[in-house]
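For reference, the structure discussed in these notes is given below.
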């Protein structure tokens, strides 16, 4: 069954990705001996490589949909992670980050583009996005724990080799997905880039990643909670995210996707509002529930919205959304570092709330014309 093969591929890709990236900063510092500045540069090159390669392959997919692009980047990335423990040169690490390791950033949008091409744009194709996104969420709930187990028993080298092996299996799983059939070809410019929508997604993920860096410090240093409480909060968020993403698959098709996604932005603002007024775990846990709902809605319904908006340019649409997420990651490290240093933890979280709120406004403004067009069609006489 095509969906099960795609679900398995996304799940395995997410497990491997979370195993490696949950500890790759510590690997760079403890094993390779990189300085914080070098780690920051390395992470930025990772992001730029993923954005560039993803953009290129997204356009190739629209011209000629195929499984080969996703398989290629996953297998090349697997080889990169297998080699990583043997590399100690910073320049070589930069080269790898911009090419074979950065290429892995294109795997996620390629698999979601493949799902749209194989499953179609009907009800099954629409439901596949949140279901596949739930596989990614589940993988990130499980993968870091598996990585911690391997790391505690065998060290960083075996952690990277294990992740490489899971990447390899994920790439092989894509062979079980049927080849995409003949679809309407998308031109090189199927429509204008939705700038405000892209900005809104970038702001959302900037807030998410920057807040993710500030939250552990805020909880342990400002609220004086034990370090283990951070793991509890992240587990609550991951569990809610999986459930909420699955719930999106059963929502009626008539429900406004615009209103739903706007609600996701609002949920994220609510998460930060609760967090900054928290004095203990109860409100922090409730805030994490709102965080999980927001990530689920924007992460899953957002992909589907971009695909619908830019159809039939599925590859371009999915890559545009994924690259906006990566751009948020690229910006967040610098933003959060400067904000924490100059304003403190609580103010940084408030700035994240503002970023998410501005992103929600940008989304509503950017989709206003499309919503008005739909109302005119609905009110037109038969």
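Scanning the stretch 239-264 for residues that are crowded, with 19+ Cβ neighbours inside 10 Å and more than 16 Å from residue 302 (Cβ to Cβ) gives 240, 242. Say whether the condition of being assigned to a helix (DSSP H, G or I), assigned by TED's automatic domain parsing to the domain that holds residue 14 and either on the phi > 0 side of the Ramachandran plot or at pLDDT below 90 (or both) is met by at least one residue in the stretch 227-247. Scanning the stretch 227-247, I find no residue that is assigned to a helix (DSSP H, G or I), assigned by TED's automatic domain parsing to the domain that holds residue 14 and either on the phi > 0 side of the Ramachandran plot or at pLDDT below 90 (or both), so the answer is no.
Evaluation of residue 180 against the conditions (1) within 26 Å of the chain's Cα centre (by Cα); (2) modelled with pLDDT of 90 or more shows that the sole unmet condition is (2).
The residue pairs whose first member lies in the stretch 28-56 and is assigned by TED's automatic domain parsing to the domain that holds residue 76, whose second member is crowded, with 18+ Cβ neighbours inside 10 Å and not in a helix (DSSP H, G or I), and whose beta carbons are closer than 6 Å, counting only pairs six or more residues apart or on different chains, are 28/34.
In this structure, is residue 26 surrounded by fewer than 21 Cβ atoms within 10 Å (Cβ to Cβ) and closer than 22 Å to residue 155 by Cβ? In short, yes.
Scanning the stretch 31-67 for residues that are in contact with a helix residue (DSSP H, G or I) (Cβ under 6 Å, 6 or more places away or on another chain), more than 26 Å from residue 336 (Cβ to Cβ) and not in a helix (DSSP H, G or I) gives 65, 67. Could you tell me whether the stretch 7-18 includes any residue that is surrounded by fewer than 18 Cβ atoms within 10 Å (Cβ to Cβ) and on the phi < 0 side of the Ramachandran plot? So far as the stretch 7-18 goes, yes, one or more of its residues are surrounded by fewer than 18 Cβ atoms within 10 Å (Cβ to Cβ) and on the phi < 0 side of the Ramachandran plot.
Any idea which of 328, 333 is assigned to a helix (DSSP H, G or I), buried (at least 23 other Cβ atoms within 10 Å of the Cβ) and touching a residue at least 40 places away in the same chain (Cβ under 8 Å)? Criteria check complete, one pass: 328. Residues to consider are 91, 75, 83; find the one that is in contact (Cβ under 8 Å) with a residue 24 or more places away in the chain and assigned to a helix (DSSP H, G or I). So the residue among 91, 75, 83 that is in contact (Cβ under 8 Å) with a residue 24 or more places away in the chain and assigned to a helix (DSSP H, G or I) is 75.
The values are calculated or read from the model by the stated rules, or taken from the named source; none is laboratory data. Just so it is clear, the model here is predicted, and its values are computed rather than measured. We place every Cβ from the backbone using ideal geometry, glycine too, and count neighbours over all the protein chains shown.
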